[in-house]
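What follows is a set of notes on a single structure, which appears directly below.
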Amino acid sequence: MKHDFINIEKKWQEKWEDAGIFHASEDHSKKKFYGLVEFPYPSGAGMHVGHIKAYSGLEVVSRKRRMQGYNVLFPIGFDAYGLPTENYAIKTNTHPRVVTDTNIANFTSQLKRVGFAFDWTRVVDTTEEGYYKWTQWIFRKMFDEGLVFRATTLVNYCPSCKVVLSNEDSQGGKCDICHSDIVQKSKDVWYLRITEYADKLLFGLDDVDYLPNVKLQQENWIGRSEGAFANFAIKGTDDSLRIYTTRPDTMFGVTFMVIAPEHPIIEKYAAQISNIDALNAYKEECAKKTEFERTQLVKDKTGVRIEGLTAINPANGKEIPIFISDYVMMGYGTGAIMAVPAHDERDYDFAKKFGIDIIEVIKGGNIEEAAYTGDGEMVNSEFLNGITTKKEAIAKMLEFLAGKGVGERGVQYKMKDWAFNRQRYWGEPIPIVHCPTCGMVGVPYEELPLRLPNMDQFEPGEGGESPLAKVESFVNCTCPKCGGAAKRETDTMPQWAGSSWYFLRYCDPHNENMLASKEALEYWLPVDWYNGGMEHVTRHMIYSRFWHHFLYDIGAVPTKEPYAKRTAQGLILGPDGDKMSKSKGNVVNPNDVVDEYGADVLRVYVLFMGEYGSATPWNDSSVRGVKRFLDRVAGLTDMAQGEGVTPKLESAFHKTVKKVSQDIEDMKFNTAIAAMMSLINDIYDAGTLTRDELGIFVRILCPFAPHICEEIWELLGHEGFASAAEWPAWDEAKTVDATVTYAVQVNGKLRATLDLPKDMDKDSAIAAAKQEPKVIQFTEGKTVGKEIFVPGKIINIVVK
RNA sequence: GCGGGUAUGGCGGAAUUGGUAGACGCGCUAGAUUCAGGUUCUAGUGAGGGUUCCUUCAUGAAGGUUCAAGUCCUUUUACCCGCACCA
């Protein structure tokens with residue numbers, strides 16, 4: 001048979017679609033497998049080979065599961081709200097709905113051309129009313145439960161996109177979407193109280209099977225730290241400065257305090273601060289600094305002493321100065337610290353610069369040279385002196401502080417609450433009404449979805465105002481509570497909203513009464529295996545785990561954790577080894593590969609090119625190598641004859657079935673494919689194989705290259721689809737050869753190889769090895785010491 | 001700065017977890033087939049030395065443990081990815 005991929009692939013894609021073999025069954029008595037890939041953002045650029053690699057991994061796993069008899073849910077959808085579409089719509093003066101529909105149609109046809117076994121009856125589109133109704137519903141529930149609040153704060157603002165960004169979206173001081181510099185701006189912000197779920201998100205990681213570095217990144221993101229709060233009295237007032245520290249044991253070493261430039265205490269005592277102008281000047285200077293300047297100047301500490309206010313160290317009653325400095329931030333802890341220059345590098349730098357006392361309280365370092373952050377014996381610390389463990393010192397100090405009523409244990413997180421609103425058109429409207437008498441009122445559930453009004457002009461207002469504010473029929477409404485005139489919230493949700501629960505909708509995508517039926521959720525959840533990019537493990541995954549934990553708490557979902565297992569694929573780099581980008585012109589378009597070589601070649605290549613989890617450059621020549629392999633597979637149809645087994649291929653077949661079966665589970669697709677290539681080399685060497693054997697071969701290859709395998713399966717006279725055929729089994733006994741090749745070493749150096757029966761005992765094997773001429777040559781006239789025998793592997797004779 | 005990871009032929013990568021380093025693929029060399037080849041087939045292909053066969057060296061670098069190290073330990077270099085003044 002010739003590998004006529006153009007006709008074969010089209011033919012089988014149509015047959016699969018007609019037969020609906022990839023539709024998940026509603027038969028909830030069968031064992032299930034829910035494989036999830038990150039649904040794409042349907043950009044105008046179309047699909048990227050990276051998408052193909054991302055989906056091919058679980059595609060293979062899911063197809064194998066189906067062949068193993070599982071009821072498989074392997075869905076796809078589109079995360080279609082978002083800025084790129086909106087910006088494109090503005091630029092081309094096309095409605096984002098039209099842009100989105102075009103892009104989704106394009107993605108759909110591209111995905112179908114690759115032959116992915118998605119259940120196309122369950123496609124979700126986050127911009128559809130039937131979907132975003134439930135996104136709004138979840139938000140409303142959070143509003144009811146007090147997890148939504150509004151505050152006026154300094155926010156990360158992108159002057160180019162004209163939109164407020166969460167901390168997650170503005171890492172490194174750059175806008176995640178357009179990479180412009182972020183500025184701080186005072187704004188009304190809707191927050192989701194994700195910090196309330198910090199511990200649940202952290203401890204929930206114990207119950208899931210995520211890649212170790214995925215877990216680590218999430219742990220770091222949540223950033224839990226255990227320490228203590230303490231109050232430092234301000235001399236001559238009833239006030240105190242509350243600090244957070246992880247090192248209460250060092251409190252006798254506190255020689256000054258530092259507070260954030262924005263700390264409210266400054267304003268409160270402005271009248272008695274003699275240098276208030278200098279403080280305000282410093283504060284203004286800090287506000288102007290970009291993120292870049294801040295990070296570049298880490299080592300050069302700046303600050304101003306507050307003249308007129310001093311604090312009292314609660315440990316020893318000593319009076320200490322207070323400074324403001326931008327190395328202390330309002331957003332973490334209490335915005336104030338106790339400074340222990342002897343044992344904290346930042347405090348040390350600051351003390352050196354400002355000539356402040358440095359008092360050693362832990363022995364072990366040289367505080368003339370640098371801060372000492374290690375362990376050691378406590379000194380200069382009154383009741384702590386002599387203690388050598390940090391744990392004991394902390395306990396004693398906390399006891400002391402508690403006795404005085406000025407301190408207690410506490411926990412802090414790096415994670416911040418989630419800034420949830422965007423001043424943009426192409427997003428889910430936030431279902432809240434502002435009533436002059438009732439305040440903020442949720443849009444009644446029965447009025448959901450709150451539809452996004454149709455508009456012609458979607459540019460954000462100059463002051464960063466949402467485009468929806470221009471639609472009077474949308475803005476003006478009546479208060480659901482009192483019936484009086486009210487105004488709707490005009491901001492929309494961030495793109496992360498729709499993607500925070502899409503995997504739930506797949507379980508029951510057409511349900512009009514709830515986000516998904518209880519039965520469907522109980523059957524399908526949790527997602528058995530979720531694969532996606534490393535770039536989504538902190539933001540998307542943390543957000544969606546948060547929503548899921550919340551839904552669990554209100555009884556809307558049956559599992560605490562949404563994803564049982566999480567893996568990640570590595571990037572595909574350009575042929576030049578650089579990250580693919582339009583500007584570098586090194587982007588590979590999957591369509592071109594399908595046109596030239598076929599979908600099967602593309603699929604096999606992206607899995608064969610390297611270790612699935614690492615970044616690998618694209619290589620056109622290697623693609624042709626995969627083409628050659630599949631052409632040779634097609635050629636097997638001319639060779640296959642008869643039934644049963646070919647003796648000299650039998651063990652190779654069992655070994656390959658075993659290797660492919662196991663490697664798929666470990667996502668070692670490259671070695672699985674290599675094993676099949678090896679087998680085909682063996683078959684061509686043998687020059688023969690049976691039709692039964694060819695049937696086995698196409699079934700293990702089917703998840704990787706399904707089109708060609710279906711064609712051969714049909715040619716072999718089978719009814720039904722290879723994709724629905726049974727996954728081949730292997731016989732462990734037949735994976736072991738009757739004889740094994742031993743490496744025979746003298747003093748650890750290979751001197752000969754020897755084929756011996758697999759069960760031969762140590763003495764006979766060593767005796768056989770000693771007959772080898774090469775062994776005799778190297779042992780002659782020497783004293784034999786140890787004789788090492790590793791069954792099935794090695795014989796090593798040690799001589800002197 | 002802190003945390004994590006990686007380093008193997010000309011290239012992408014294998015290596016049963018301490019047991020014949022370089023599977024598989026690309027590329028390259030030679031030969032055959034073909035009107036032609038970015039076709040197909042056969043053989044070879046880590047490096048050096050003697051040339052049917054041997055032999056020495058070789059997994060970023062330097063030490064160590066072991067009968068045996070790509071794999072374990074110590075030191076070190078380079079690169080990649082997170083986080084970044086987190087108190």
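The values are calculated or read from the model by the stated rules, or taken from the named source; none is laboratory data. Quick caveat: nothing in here was measured; it's all calculated off a predicted structure. All Cβ positions, even for glycine, are placed from backbone atoms using ideal geometry, and neighbour counts span all protein chains on display. With ligands, DNA and RNA removed, areas are computed over all heavy atoms of the protein, side chains included. Shrake-Rupley method; radii C 1.70, N 1.55, O 1.52, S 1.80 Å.
Here are some conditions: (1) in contact with a Phe, Trp or Tyr (Cβ under 7 Å, 6 or more places away or on another chain); (2) away from RNA strand B (no atom under 11 Å from the Cβ). Residue A:746 meets all but one. Which one does it not meet?
So residue A:746 meets the others, but not (2).
Does residue A:333 satisfy being open to solvent by less than 50 Å² (accessible area, probe 1.4 Å), in a loop (DSSP other than H, G, I, E, B), within 14 Å of RNA strand B (Cβ to nearest atom) and closer than 19 Å to residue A:249 by Cα?
Against the criterion (open to solvent by less than 50 Å² (accessible area, probe 1.4 Å), in a loop (DSSP other than H, G, I, E, B), within 14 Å of RNA strand B (Cβ to nearest atom) and closer than 19 Å to residue A:249 by Cα), residue A:333 qualifies.
Against the conditions (1) within 12 Å of RNA strand B (Cβ to nearest atom); (2) within 28 Å of residue A:536 (Cβ to Cβ); (3) assigned to a helix (DSSP H, G or I), where does residue A:602 fall short? Just the number, please.
The one condition residue A:602 does not meet is (1).
Which of the residues that make up region A:661-671 are open to solvent by 40 Å² or more (accessible area, probe 1.4 Å) and more than 8 Å from RNA strand B (Cβ to nearest atom)?
Of everything in region A:661-671, those that are open to solvent by 40 Å² or more (accessible area, probe 1.4 Å) and more than 8 Å from RNA strand B (Cβ to nearest atom) turn out to be A:662, A:665, A:666.
What are the residues in region A:394-446 that are of a type in the set (A, V, I, L, M) and farther than 22 Å from residue A:153 by Cα, if any?
A:394, A:395, A:397, A:398, A:401, A:402, A:406, A:411, A:443
For residues that are within 6 Å of RNA strand B (Cβ to nearest atom) and touching a residue at least 40 places away in the same chain (Cβ under 8 Å), tally how many sit in region A:608-628. I'd like the intermediate steps shown before the answer.
Narrowing region A:608-628 to residues within 6 Å of RNA strand B (Cβ to nearest atom): A:609-611, A:614, A:616-617, A:619-622, A:624-625, A:628.
Those still in the list that are touching a residue at least 40 places away in the same chain (Cβ under 8 Å) too: A:609-611, A:614, A:616-617, A:619-620.
Residues flagged as within 6 Å of RNA strand B (Cβ to nearest atom) and touching a residue at least 40 places away in the same chain (Cβ under 8 Å) within region A:608-628 amount to 8.
With A:353, A:391 as the choices, which residue is of a type in the set (D, E, K, R), within 15 Å of RNA strand B (Cβ to nearest atom), within 42 Å of the chain's Cα centre (by Cα) and open to solvent by 80 Å² or more (accessible area, probe 1.4 Å)?
A:353
Exactly one of these conditions fails for residue A:797: (1) over 30 Å from residue A:647 (Cβ atoms); (2) among the aliphatic types (A, V, I, L, M); (3) outside any strand (DSSP E or B). Give me its number.
If we test residue A:797 against (1) over 30 Å from residue A:647 (Cβ atoms); (2) among the aliphatic types (A, V, I, L, M); (3) outside any strand (DSSP E or B), just (3) comes out false.
Quick test of your reading of the structure: residue A:726 fulfils all but one of (1) more than 9 Å from RNA strand B (Cβ to nearest atom); (2) within 24 Å of residue A:8 (Cα to Cα); (3) open to solvent by less than 70 Å² (accessible area, probe 1.4 Å). Name the failing condition by number.
Among (1) more than 9 Å from RNA strand B (Cβ to nearest atom); (2) within 24 Å of residue A:8 (Cα to Cα); (3) open to solvent by less than 70 Å² (accessible area, probe 1.4 Å), the lone unmet condition for residue A:726 is (3).
Collect the residues in region A:311-330 that are open to solvent by 40 Å² or more (accessible area, probe 1.4 Å) and either more than 14 Å from RNA strand B (Cβ to nearest atom) or more than 29 Å from residue A:281 (Cβ to Cβ) (or both), keeping them in residue-number order.
Residues satisfying the conditions are A:312, A:316, A:317, A:318, A:319.
Test each condition in (1) closer than 25 Å to residue A:112 by Cα; (2) open to solvent by less than 40 Å² (accessible area, probe 1.4 Å); (3) part of a helix (DSSP H, G or I) for residue A:704 and report the one that comes out false.
(3) is the only condition that residue A:704 fails.
Condition first: open to solvent by less than 60 Å² (accessible area, probe 1.4 Å), within 16 Å of RNA strand B (Cβ to nearest atom) and either β-branched (Val, Ile, Thr) or within 26 Å of residue A:493 (Cβ to Cβ) (or both). Now tell me which residues in region A:206-220 satisfy that.
Correct list: A:214, A:218.
Mind listing whichever residues of region A:750-772 are within 12 Å of RNA strand B (Cβ to nearest atom) and either surrounded by 14 or more Cβ atoms within 10 Å (Cβ to Cβ) or in contact (Cβ under 8 Å) with a residue 12 or more places away in the chain (or both)?
Hits for region A:750-772 are A:751, A:752, A:753, A:754, A:755, A:756, A:772.
Please list, ordered by residue number, the strands (runs of 3 or more DSSP E) wholly in region A:480-579 having 2 or more residues that are among the hydrophobic types (A, V, I, L, M, F, W, C), touching a strand residue (DSSP E or B) at 6+ places or on another chain (Cβ under 9 Å) and more than 16 Å from RNA strand B (Cβ to nearest atom).
Because the criterion is at least 2 residues that are among the hydrophobic types (A, V, I, L, M, F, W, C), touching a strand residue (DSSP E or B) at 6+ places or on another chain (Cβ under 9 Å) and more than 16 Å from RNA strand B (Cβ to nearest atom), the strands (runs of 3 or more DSSP E) in region A:480-579 that meet it are A:485-488.
Every residue in region A:225-261 that is in contact (Cβ under 8 Å) with a residue 24 or more places away in the chain, near RNA strand B (Cβ under 10 Å from one of its atoms) and of a type in the set (S, T, N, Q), please.
Matches in region A:225-261: A:225, A:245, A:250.
Here is a list: A:789, A:778. Which entry is within 13 Å of RNA strand B (Cβ to nearest atom), assigned to a helix (DSSP H, G or I) and surrounded by 12 or more Cβ atoms within 10 Å (Cβ to Cβ)?
One residue alone meets the criteria, A:778.
Pull up region A:672-701, narrow it to residues that are within 25 Å of residue A:114 (Cβ to Cβ) and touching a Lys or Arg at 6+ places or on another chain (Cβ under 7 Å), then point me to the one that is farthest from RNA strand B (Cβ to nearest atom).
Out of the qualifying residues, it is A:672.
For region A:469-479, does any single residue satisfy the condition of being out of contact with any strand residue (DSSP E or B) (no Cβ under 9 Å at 6 or more places or on another chain), surrounded by fewer than 17 Cβ atoms within 10 Å (Cβ to Cβ), of a type in the set (S, T, N, Q) and without any contact (Cβ under 8 Å) to a residue 12 or more places away in the chain?
no
Would you point out the residue of region A:279-306, among those that are small (Gly, Ala, Ser) and in a helix (DSSP H, G or I), that is modelled with the highest pLDDT?
A:281
Going residue by residue through region A:367-377, is there one that turns out to be within 24 Å of residue A:312 (Cα to Cα), within 16 Å of RNA strand B (Cβ to nearest atom) and outside any loop (DSSP other than H, G, I, E, B)?
Scanning region A:367-377, I find no residue that is within 24 Å of residue A:312 (Cα to Cα), within 16 Å of RNA strand B (Cβ to nearest atom) and outside any loop (DSSP other than H, G, I, E, B), so the answer is no.
Got a number for residues in region A:712-742 being within 30 Å of residue A:789 (Cβ to Cβ) and assigned to a helix (DSSP H, G or I)?
Our first condition is that a residue be within 30 Å of residue A:789 (Cβ to Cβ); within region A:712-742, this holds for A:730-742.
Now narrow it down to the ones that are assigned to a helix (DSSP H, G or I): A:732-735.
Residues flagged as within 30 Å of residue A:789 (Cβ to Cβ) and assigned to a helix (DSSP H, G or I) within region A:712-742 amount to 4.
Which of the residues spanning region A:580-599 are away from RNA strand B (no atom under 15 Å from the Cβ) and in contact with a helix residue (DSSP H, G or I) (Cβ under 6 Å, 6 or more places away or on another chain)?
Correct list: A:590, A:594, A:599.
Look at residue A:594 and say whether it is surrounded by fewer than 22 Cβ atoms within 10 Å (Cβ to Cβ), under 26 Å from residue A:108 (Cα atoms), over 18 Å from the mean Cα position of the chain (by Cα) and not small (Gly, Ala, Ser).
No: the conditions fail for residue A:594.
Within region A:132-161, can you find the residues that are over 25 Å from the mean Cα position of the chain (by Cα) and within 13 Å of residue A:444 (Cα to Cα)?
A:133, A:137, A:140, A:141, A:143, A:144
Of A:194, A:138, which residue is at pLDDT 85 or above, open to solvent by less than 10 Å² (accessible area, probe 1.4 Å) and within 16 Å of RNA strand B (Cβ to nearest atom)?
A:194
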